[in-house]
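Accompanying notes for the structure given below.
The values are calculated or read from the model by the stated rules, or taken from the named source; none is laboratory data. Given the structure is predicted, the values throughout are model-derived calculations rather than measurements. Quick reminder, even Gly has a Cβ in these numbers, built from the backbone with ideal geometry, and neighbours come from all protein chains shown.
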Amino acid sequence: MFGGGIPGRKPGVSARAKSQFDEFDASELYCPNCRRAMPVRKRLLLILPEGDKYEYLCARCLTSVGEKLDKSRAGDVKLII
Ligand SMILES: [Zn+2]
């Protein structure tokens, strides 16, 4: 009798972003109010034909620290009016 040795298979976690064209997605931005880089919250501001407009708010003081137009869905979206 030999204890069944199950080889530990770890899934490759080292999936680093290879693409240099990764979409800009900030997790921290400089907040002028806190005077340092702060974690941000992403808030959907507007839905435009060319994409979704997001606003980044400082997670601490909720100052707006940036905006972004997310075009990833643009072109695929069909507006049904
Ligand atoms: Zn802040």
In segment 31-43, how many residues are farther than 12 Å from Arg60 by Cβ and either within 9 Å of the ligand (Cβ to nearest atom) or modelled with pLDDT of 95 or more (or both)? 1
Every pair of residues 6+ apart whose Cβ atoms lie under 7 Å, when the first sits in segment 62-77 and is of a type in the set (Gly, Ala, Ser) while the second is modelled with pLDDT under 85: Gly66/Ala26; Ser72/Glu23
Test Lys68 against the stated conditions and say whether it is surrounded by 14 or more Cβ atoms within 10 Å (Cβ to Cβ) and either at pLDDT below 90 or away from the ligand (no atom under 12 Å from the Cβ) (or both). yes
Collect the residues in segment 25-58 that are of a type in the set (Asp, Glu) and surrounded by 14 or more Cβ atoms within 10 Å (Cβ to Cβ), keeping them in residue-number order. Glu28, Asp52, Glu55
